[in-house]
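Take a look at the structure set out below.
The values are calculated or read from the model by the stated rules, or taken from the named source; none is laboratory data. These numbers come from a predicted model, not from an experiment. Every residue, glycine among them, receives a Cβ derived from its backbone with ideal geometry; neighbour counts consider all protein chains shown. Areas reflect the complete protein model, heavy atoms only, side chains present, ligands, DNA and RNA absent. Shrake-Rupley method; radii C 1.70, N 1.55, O 1.52, S 1.80 Å.
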Amino acid sequence: MAIREVYLDNSATTRPLPEVVRAVVDALENNYGNPSSLHRKGVEAGRVVTRAREAVAASLGVAPAEIVFTGAGSEAVNLAIKGARPGKRGRHVITTAVEHHAVLNACAQLKEQGIEVTVLPVDAAGVVDPERLAAELRDDTYLVSIMYVNNEVGAVQPLVEIAAVIGAARKAGRRLLWHVDAVQAYGKLPLRPRELGVDLLSISAHKVHGPKGVGALYVAPHTPLQPLVAGGGQEWGLRSGTENVPGIAGFGVAAEMIAREGHLAADRLRPLKKRLVEGILAAVPGAVLNGPACDKENPRCAPHIANISFPGLRGEILVHSLEGRGIYVSTGSACSSGKKPGSHVLQAMGLKEDVVEGAIRFSLSITNTEEEIDYAVKNTAAVVEELRALYG
Ligand SMILES: Cc1ncc(COP(=O)(O)O)c(C=O)c1O
């Protein structure tokens with residue numbers, strides 16, 4: 001087994017596809033006009049943006065006019081949460097304890113402005129209870145922000161049941177906006193915001209083999225949204241600033257692949273994840289899987305993210321030791337200063353301290369192979385044994 005580099009940190013970012021790189025370079029070299037310019041160079045660059053917008057829209061089953069390109073997934077999330085207009089009565093927002101910091105920190109900013117924020121708890125697998133959402137909805141709730149796939153443990157939130165709760169509230173006359181952070185679901189699971197009644201949905205190019213620094217927000221027709229960036233009125237007036245034409249071109253190519261083959265991704269990733277998880281749990285005594293059990297029947301388990309703890313060891317040390325063998329993984333999220341160290345997601349799931357501290361995340365993409373997984377299993381077992389001999 002002579003593999004030297006195995007990249008299993010695809011939820012942090014992915015390697016761009018060769019055709020994405022070609023599209024970015026082509027746009028840089030040949031479509032350098034400003035899409036707002038009236039001359040041919042501007043029109044050509046504008047066409048690149050239009051084509052990419054059509055591809056992203058097709059990958060979500062929505063209209064091109066409903067796509068707003070942003071500077072990252074985080075910016076799409078911020079536009080949704082801080083741009084959603086509360087209306088006359090709105091002063092309450094609901095989110096969950098396991099959201100990405102883009103959501104949690106945008107909600108914290110709303111709080112500073114006097115908006116009340118309810119944070120829904122999760123169960124031991126990281127999943128939200130839709131009935132709890134129903135119980136927390138108030139007459140002044142104007143926004144619900146619930147992610148699709150959790151980035152640390154791969155918990156898939158029950159969007160269909162959540163859609164039913166939100167649909168019932170709307171039927172009862174409540175004026176509610178629903179934002180879904182779908183950054184980790186895009187390209188892995190079926191994603192049709194219209195069918196669910198979602199108003200706002202965030203995605204990011206670099207998680208799906210596209211370029212970094214470009215994301216998109218789906219905005220359903222008639223959603224009351226105000227821009228965060230004022231200026232020349234690009235992106236339907238919702239995100240001013242000259243468009244990142246090369247980044248958008250690359251995003252378009254990645255989206256074309258998702259529209260073409262995205263439905264196959266889960267089928268390709270699931271057996272790899274199963275091989276990885278079963279391999280490590282069998283080879284390493286005491287290792288535990290965090291998050292939903294990963295069998296095919298479990299709809300709560302994402303096909304590409306496996307969070308595994310090695311209690312008694314520290315995640316950071318494991319990450320660096322695995323790197324020494326050419327395997328790239330990550331800990332959950334870095335601890336922020338002044339806060340309790342360790343992942344807020346694992347803590348919200350109620351896991352014990354040694355489980356939280358000893359957790360690492362393996363995240364897969366369609367470029368990974370069975371041989372890479374076997375290499376990772378064998379070397380994880382070897383690294384854990386070495387470290388336990390040292391520290392145990
Ligand atoms: C669930 C989730 N939301 C939002 C983001 C932010 O995306 P970006 O890195 O494009 O800002 C990430 C990135 O890790 C994520 O995993």
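Can you name every one of the helices (runs of 4 or more DSSP H) wholly within the stretch 7-106 that holds 3 or more residues which are open to solvent by less than 10 Å² (accessible area, probe 1.4 Å) and either at pLDDT 95 or above or within 16 Å of the ligand (Cβ to nearest atom) (or both)? Spell out how you get there, then give the answer.
Numbers: elements: 18-30, 40-60, 73-83.
Where helices (runs of 4 or more DSSP H) fall fully within the stretch 7-106 and carry at least 3 residues being open to solvent by less than 10 Å² (accessible area, probe 1.4 Å) and either at pLDDT 95 or above or within 16 Å of the ligand (Cβ to nearest atom) (or both), they are 40-60, 73-83.
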Requested in this report: Could you please let me know if Val128 is buried (at least 21 other Cβ atoms within 10 Å of the Cβ), farther than 13 Å from Asp181 by Cα and more than 16 Å from the ligand (Cβ to nearest atom)?
Outcome: no
**Report entry** Long-range neighbours under 9 Å by Cβ, at least six apart or interchain, first residue under 14 Å from Ile280 (Cβ atoms) within the stretch 354-368, second open to solvent by less than 10 Å² (accessible area, probe 1.4 Å) and of a type in the set (Phe, Trp, Tyr)
**Finding:** Gly358/Phe310; Ala359/Phe310; Ile360/Phe310
Report task. Could you list, in sequence order, all residues of the stretch 343-392 that are open to solvent by 20 Å² or more (accessible area, probe 1.4 Å), farther than 30 Å from Pro16 by Cα and assigned to a loop (DSSP other than H, G, I, E, B)? Result -> Gly350, Leu351, Lys352, Gly392
**Report entry** Number of positions in the stretch 82-105 that are under 21 Å from Lys207 (Cα atoms) and in contact (Cβ under 8 Å) with a residue 24 or more places away in the chain
**Finding:** 7
Requested in this report: Take the residues in the stretch 250-282 that are of a type in the set (A, V, I, L, M) and at pLDDT below 95, then tell me which one is most open to solvent (accessible area, probe 1.4 Å).
Outcome: Leu264
Query raised in the report: Pairs under 9 Å by beta carbon, first residue outside the structural domain of Asn78 (by TED's automatic domain parsing) and more than 15 Å from Thr95 (Cβ to Cβ) in the stretch 163-188, partner more than 16 Å from the ligand (Cβ to nearest atom) and assigned to a loop (DSSP other than H, G, I, E, B), six or more apart or different chains?
Result: none
Requested in this report: From the list Val119, Val156, pick out the single residue that is touching a residue at least 60 places away in the same chain (Cβ under 8 Å), away from the ligand (no atom under 11 Å from the Cβ) and under 29 Å from Gly350 (Cβ atoms).
Outcome: Val156
Requested in this report: For Arg174, work out the one condition from (1) in a helix (DSSP H, G or I); (2) open to solvent by 30 Å² or more (accessible area, probe 1.4 Å) it doesn't fulfil.
Outcome: (1)
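Evaluate the following for Ala169: is it part of a strand (DSSP E or B) and open to solvent by less than 10 Å² (accessible area, probe 1.4 Å)?
No, not satisfied.
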Query raised in the report: Is there a residue in the stretch 231-238 that is assigned by TED's automatic domain parsing to the domain that holds Gly358 and modelled with pLDDT of 95 or more?
Result: no
Query raised in the report: Does the stretch 151-166 hold any residues that are part of a loop (DSSP other than H, G, I, E, B) and within 12 Å of the chain's Cα centre (by Cα), and which are they?
Result: Asn151, Glu152, Val153, Gly154
